[in-house]
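Engineer: Dropping the structure in here first, questions after.
The values are calculated or read from the model by the stated rules, or taken from the named source; none is laboratory data. Since we're looking at a predicted model, the values are computed, not measured. Cβ atoms come from the backbone with ideal geometry, glycine included; neighbour counts cover every protein chain shown.
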Amino acid sequence: KNEVEQSPQNLTAQEGEFITINCSYSVGISALHWLQQHPGGGIVSLFMLSSGKKKHGRLIATINIQEKHSSLHITASHPRDSAVYICAVGLNTGNQFYFGTGTSLTVIP
Amino acid sequence: KAGVTQTPRYLIKTRGQQVTLSCSPISGHRSVSWYQQTPGQGLQFLFEYFSETQRNKGNFPGRFSGRQFSNSRSEMNVSTLELGDSALYLCASSYLGSGPQRETQYFGPGTRLLVL
């Protein structure tokens, strides 16, 4: 049983397209994180959110606590957005931290 | 500010050996967390150290241990290595000390361990 489910697993888009990556979770959380991992392994934290919506440049993250669902949107996608995007949740009880399996995004020029 | 650094970047060991990995957090960060990433299991949380104390722990066997020094640098040790321990080991630091689940993490480049 996976506490965090992501979809799609793989995504190919043309440059300029609007992209959505989804994350669903089954546990009560204190916060949800979106991470970006480029080839070679380096991970960057994009967002941490516990309610509502956050925006940073072309990236937007939303969360619906009642539906236990979050989305990461990329507007005007660019080849440099090609990476694996990982959703992670921190539980609101105890100290566990669960990760989704990631969405591999390829943006074609 | 310099980012999170990890040493070594690559390591090859044989089954049964032990290994120690090192992580230097961003200056001023007091919380250091460790993660294992494998193709089969993805990213998994190992443990978190704050002020030289292990505060959080994931579901890993006792062969995985760590410690944190007074300057916040952290080491992770794996004893009696198994083939399945081959992975990318990442550490991350954070400033506020609320725990990795509740604040933004700054990740290091990782140590890639291969167990033969």
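Engineer: Of all residues in segment B:1-38, count the ones that are assigned to a strand (DSSP E or B), of a type in the set (Gly, Ala, Ser) and within 14 Å of chain A (Cβ to nearest Cβ).
Structural biologist: Here the count works out to 2.
Engineer: Within segment A:76-97, count every residue that is at positive phi and either modelled with pLDDT under 90 or among the polar types (S, T, N, Q) (or both).
Structural biologist: Of the residues in that region, 1 qualify.
Engineer: I would also like to ask the following. Please find, among B:ASN59, B:ASN71, the residue that is over 25 Å from A:THR101 (Cα atoms), without any contact (Cβ under 8 Å) to a residue 24 or more places away in the chain and more than 12 Å from the chain's Cα centre (by Cα).
Structural biologist: B:ASN71
Engineer: Working only within segment B:79-116, note down all residues that are of a type outside the set (S, T, N, Q), more than 14 Å from chain A (Cβ to nearest Cβ) and in contact with a Lys or Arg (Cβ under 6 Å, 6 or more places away or on another chain).
Structural biologist: Hits for segment B:79-116 are B:LEU81, B:VAL115.
Engineer: If you check B:SER51 against the conditions, is it on the phi < 0 side of the Ramachandran plot and either among the acidic types (Asp, Glu) or modelled with pLDDT under 95 (or both)?
Structural biologist: It is false that B:SER51 is on the phi < 0 side of the Ramachandran plot and either among the acidic types (Asp, Glu) or modelled with pLDDT under 95 (or both).
Engineer: Among the residues of segment A:30-62, how many are at negative phi, of a type outside the set (Val, Ile, Thr) and surrounded by 15 or more Cβ atoms within 10 Å (Cβ to Cβ)?
Structural biologist: 17
Engineer: Just wondering, is there one or more residues in segment A:44-66 that are in contact with an Asp or Glu (Cβ under 8 Å, 6 or more places away or on another chain), farther than 22 Å from B:TYR106 by Cβ, of a type outside the set (Lys, Arg) and modelled with pLDDT under 95?
Structural biologist: no
Engineer: Further, regarding this structure: Within segment B:80-108, track down each residue that is over 10 Å from the mean Cα position of the chain (by Cα) and modelled with pLDDT of 95 or more.
Structural biologist: Matches in segment B:80-108: B:THR80, B:LEU81, B:GLU82, B:LEU83, B:GLY84, B:ASP85, B:SER86, B:ALA87.
Engineer: Name the residue that is nearest to B:GLN37 (Cα to Cα), counting only residues in segment A:19-52 that are more than 13 Å from the chain's Cα centre (by Cα) and more than 14 Å from chain B (Cβ to nearest Cβ).
Structural biologist: Top of the filtered list is A:SER26.
Engineer: Looking only at segment A:66-109, how many residues end up being buried (at least 16 other Cβ atoms within 10 Å of the Cβ), free of Cβ contacts under 8 Å to residues at least 60 places away in the same chain and within 14 Å of another protein chain (Cβ to nearest Cβ)?
Structural biologist: 5
Engineer: Could you please find all residues in segment B:39-61 being assigned to a loop (DSSP other than H, G, I, E, B) and surrounded by fewer than 17 Cβ atoms within 10 Å (Cβ to Cβ)?
Structural biologist: B:PRO39, B:GLY40, B:GLN41, B:SER51, B:GLU52, B:ASN59, B:PHE60, B:PRO61
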